[in-house]
2 protein chains.
Amino acid sequence: MSAPPGQDIDLKVRCSSAAFRWARKTFDARDGKPGEVDRGLNASFASILSVGGKRLGVTSDGIGTKVEVAERTGVYSTLGYDLLAMVADDLAANGIEPTNLTNILDVDKLDERVVDELMRGLSQAALESGVSVVGGEIAELGRRVGGWGGGMHFNWCATALGVLPDELERPIDGAQCAPGDAIVAIREHGLRSNGFSLARSILSQAHGERWHEARCQATGESWGAALLTPSRVCCTLVRALVGEGVVPHGIAHVTGGGIPDKLGRVLKVKRLGAYLGTPFEPPAFVQELVGLGQVPARVAWRHWNMGNAMLVVLAPGDVERSLAVAARGRGFEARVAGQVVEGDKIRIAQAGEAAVEAEVN
Amino acid sequence: MSAPPGQDIDLKVRCSSAAFRWARKTFDARDGKPGEVDRGLNASFASILSVGGKRLGVTSDGIGTKVEVAERTGVYSTLGYDLLAMVADDLAANGIEPTNLTNILDVDKLDERVVDELMRGLSQAALESGVSVVGGEIAELGRRVGGWGGGMHFNWCATALGVLPDELERPIDGAQCAPGDAIVAIREHGLRSNGFSLARSILSQAHGERWHEARCQATGESWGAALLTPSRVCCTLVRALVGEGVVPHGIAHVTGGGIPDKLGRVLKVKRLGAYLGTPFEPPAFVQELVGLGQVPARVAWRHWNMGNAMLVVLAPGDVERSLAVAARGRGFEARVAGQVVEGDKIRIAQAGEAAVEAEVN
């Protein structure tokens, strides 16, 4: 999750570092045994393990406060796409093919209809991406779980497992990136599961407590519907590219921290920069949010994906084939968004004008 | 989690069934591919997958409302044992050796000291059991997470991965159980992570809102300390048994639903029953809880583990060797608690008197 306004990003970083420091002390526990931890990997979105000669990826995440939008709109069947996207596309960012998923649903009190809708959506999303849901736990936690309105409140997280396809010698981590590489963007029509605190704070200021019922000028739909837009799950596209013999040099799954953080994580492995002159435009509702909140570009691009679900770094010779694979996929929109350059900056332009410049560090 | 008093067990079952029904529709997605789901297994505590010729186990769970006891006592360093036990011992119940763990910590707001203590405990617990912590996510969810007192509130869950040891041909699921098999119990000194709602309701009635500061008569310690007693993690003992050539016929990890549910799940595979004449005594504080709440035996044995962390079903010829392995392990107390019998009932006696009779179904 990106840090919402008013939260302390340094504190978050210190807590995550503490967690990682304690976790790292346990890595030795599996040396030379099944489940050995790969420490060589840079820029990892997932953890990579060795089991019986196979490379496994594993990652855990949740959909954060996007849940509130479902509570407000009463629409629960699309959150499964968001949950799957958060974990499956983190695996895909390392070239891992997601295979299985477990999920944990924490609720205050149970509502059978809501649980059924959530699980129906997750099942559908998983099937479309060739992932099998193999475990789940529903925990009734009473007042330990809160939310909006009078219905069932919940928090939802998942763990995804996957395997490195035989076509790849090693996980993709950015170590192959070079100046002149093309950066292909996959289009996103919503916010995925990030930047909701900023969006809510803008909307409640502009439209009051029941902001989800107000209309977005640009699209005519309700703000609730706009914010609920399900995530585009990209893992099948990455798998298809690899299956066609394309070896991406690096892949950024654009979540919290936006393109500056997530592409930066890939590029810093070789201390490179990027110029993105033709990323996808942010969806119309996101542009309206930017205007409503008078959000500076540097803030918007760090909180939201701005229309780009994933960035795939490719050898120039692989671009044409990759765009063709995307065009054959189920509704993927892909385009060349820019290229890798020397230096340590990510510069993003929109409609010919410089929008953002960020350090890779 | 077991259903606490006042909660609707039927509703919980319907919701879990719905979740499983939707999950099952996705099992085909991996047929003939890495991550193929093993449907042949009975009485599963974990899900079993095939990856590259290896059998993998995966399971997810959390520590529920035991977290409140840490919030009340300010002691956070032992919950990691509870979290590890919930998932690692579910894998062990199928004979799977836990190898890796990811965790998700949902918080309202961050407290660096608390996060550090939680992760320190998890790291220590994992190291002691040969498990490596390979992933984690900390999500700041504001008022979506609640709890007791003024500090950081949180909910904590994990996913464990493991592999089937080469010594075992197939996961342990109860299919080898036969009348006359011995049932060996591993002692537990606390509640693990189950039955806290019942315990809290008894204690708040007896000792008021600040019940955690009241003294347990039997032990002299505070009720907070008693309820916080960390879980005995049993997976290394199961692994050691298998390493010594013992193949358990079935293993019950005693969590929500207690011995009747969890041993029942193992025995129902062969439609057998059990007579447990010499289980471990419940810890003194649990006996005091039973008295304070005038809890009928059938309720106590379904909400609490009553002193038995795990029950291992063994061929009679394997008992002596197994007890010797346990005696060599780090502080495991094990004893023969009873045996498998014909019929479909689990009967439990304590101190020579019948305590509980439950149907296996």
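The values are calculated or read from the model by the stated rules, or taken from the named source; none is laboratory data. Not measured: the values here are computed from a predicted model. When we count neighbours, we look across all protein chains shown, and the Cβ atoms used for this are built from the backbone with ideal geometry, even at glycine. For accessibility, only protein heavy atoms count, side chains too; no ligands or nucleic acids. Shrake-Rupley method; radii C 1.70, N 1.55, O 1.52, S 1.80 Å.
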For this session: Starting from region B:90-112, take each residue that is free of Cβ contacts under 8 Å to residues at least 60 places away in the same chain and list its partners that are hydrophobic (A, V, I, L, M, F, W, C) and open to solvent by 20 Å² or more (accessible area, probe 1.4 Å), counting only C-beta distances under 6 angstrom and pairs at least six apart or across chains.
Result: B:110/A:11
Seminar exercise, completed: The condition of being farther than 18 Å from residue B:272 by Cα, open to solvent by 10 Å² or more (accessible area, probe 1.4 Å) and assigned to a strand (DSSP E or B) holds, among B:347, B:335, only for B:335
For this session: Please identify the pairs in which a residue from region A:64-83 that is within 10 Å of chain B (Cβ to nearest Cβ) has its Cβ atom under 9 Å from the Cβ atom of a residue that is of a type in the set (Ser, Thr, Tyr) and outside any loop (DSSP other than H, G, I, E, B), counting only partners at least 6 apart or on another chain.
Result: A:64/A:197; A:65/A:197; A:80/A:123
For this session: Run down A:298, A:321, A:271 and say which single residue is at pLDDT below 95 and either over 25 Å from residue A:356 (Cβ atoms) or surrounded by fewer than 22 Cβ atoms within 10 Å (Cβ to Cβ) (or both).
Result: A:298
Problem set entry | Which numbered condition residue B:24 fails, given (1) of a type outside the set (S, T, N, Q); (2) more than 7 Å from every other protein chain (Cβ to nearest Cβ); (3) open to solvent by less than 20 Å² (accessible area, probe 1.4 Å) | (3)
Problem set entry | Residue in region A:187-208 that is acidic (Asp, Glu) and touching a strand residue (DSSP E or B) at 6+ places or on another chain (Cβ under 6 Å) present | yes
For this session: Restricting attention to region A:208-242, report how many residues are under 22 Å from the mean Cα position of the chain (by Cα) and surrounded by fewer than 16 Cβ atoms within 10 Å (Cβ to Cβ).
Result: 0
Exercise. Which one is nearest to residue A:55 (Cα to Cα), of the residues in region A:146-159 that are facing chain B (nearest Cβ under 9 Å) and outside any loop (DSSP other than H, G, I, E, B)?
Worked result: A:159
Problem set entry | residue B:136 vs. criteria closer than 21 Å to residue A:161 by Cβ and either open to solvent by 40 Å² or more (accessible area, probe 1.4 Å) or more than 7 Å from chain A (Cβ to nearest Cβ) (or both) | yes
For this session: Kindly establish whether residue B:170 is within 7 Å of chain A (Cβ to nearest Cβ) and surrounded by fewer than 20 Cβ atoms within 10 Å (Cβ to Cβ).
Result: no
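Here's the yes/no breakdown for (1) open to solvent by 10 Å² or more (accessible area, probe 1.4 Å); (2) in contact (Cβ under 8 Å) with a residue 24 or more places away in the chain; (3) among the charged types (D, E, K, R); (4) more than 30 Å from residue B:150 (Cβ to Cβ):
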{"site": "A:117", "(1), (2), (3), (4)": "yes, yes, yes, yes"}
{"site": "A:129", "(1), (2), (3), (4)": "yes, yes, no, yes"}
{"site": "A:163", "(1), (2), (3), (4)": "no, yes, no, yes"}
{"site": "A:178", "(1), (2), (3), (4)": "yes, yes, no, yes"}
Exercise. Within region A:13-70, how many residues are farther than 23 Å from residue B:139 by Cβ and of a type in the set (Asp, Glu)?
Worked result: 4
Problem set entry | Sole exception among (1) closer than 23 Å to residue B:138 by Cβ; (2) open to solvent by less than 10 Å² (accessible area, probe 1.4 Å); (3) more than 8 Å from chain A (Cβ to nearest Cβ); (4) not acidic (Asp, Glu) for residue B:95, by number | (1)
Exercise. Of the residues in region A:47-57, how many are open to solvent by 10 Å² or more (accessible area, probe 1.4 Å) and under 20 Å from the mean Cα position of the chain (by Cα)?
Worked result: 1
Exercise. What number of residues within region A:92-107 satisfy the criterion of being within 25 Å of residue A:314 (Cβ to Cβ) and either touching a His at 6+ places or on another chain (Cβ under 9 Å) or not hydrophobic (A, V, I, L, M, F, W, C) (or both)?
Worked result: 7
Problem set entry | Pair list, Cβ under 9 Å, 6 or more apart: region B:181-202 residue more than 14 Å from every other protein chain (Cβ to nearest Cβ) and surrounded by fewer than 23 Cβ atoms within 10 Å (Cβ to Cβ), other residue at pLDDT below 95 and in a loop (DSSP other than H, G, I, E, B) | none
Exercise. Does residue A:141 meet the test of being under 25 Å from residue B:135 (Cα atoms), over 22 Å from the mean Cα position of the chain (by Cα) and buried (at least 24 other Cβ atoms within 10 Å of the Cβ)?
Worked result: yes
For this session: Could you tell me which numbered condition residue B:33 fails, if it satisfies all but one of (1) surrounded by 17 or more Cβ atoms within 10 Å (Cβ to Cβ); (2) outside any helix (DSSP H, G or I); (3) at the interface with another protein chain (Cβ under 10 Å from one of its Cβ atoms)?
Result: (1)
Problem set entry | Yes/no for residue B:143 being over 23 Å from residue B:231 (Cβ atoms) and in a helix (DSSP H, G or I) | yes
Seminar exercise, completed: The lone condition residue A:108 fails out of (1) in contact with a strand residue (DSSP E or B) (Cβ under 6 Å, 6 or more places away or on another chain); (2) open to solvent by 10 Å² or more (accessible area, probe 1.4 Å); (3) facing chain B (nearest Cβ under 7 Å) is (3)
For this session: Keeping to region A:36-63, report how many residues are at the interface with chain B (Cβ under 7 Å from one of its Cβ atoms) and of a type in the set (S, T, N, Q).
Result: 3
For this session: Quick one: count up the residues across region A:260-291 that are more than 23 Å from residue A:171 (Cβ to Cβ), more than 20 Å from the chain's Cα centre (by Cα) and of a type in the set (D, E, K, R).
Result: 1
Seminar exercise, completed: Among residues of region B:144-158 being open to solvent by less than 20 Å² (accessible area, probe 1.4 Å) and among the hydrophobic types (A, V, I, L, M, F, W, C), the residue nearest to residue B:96 (Cα to Cα) is B:158
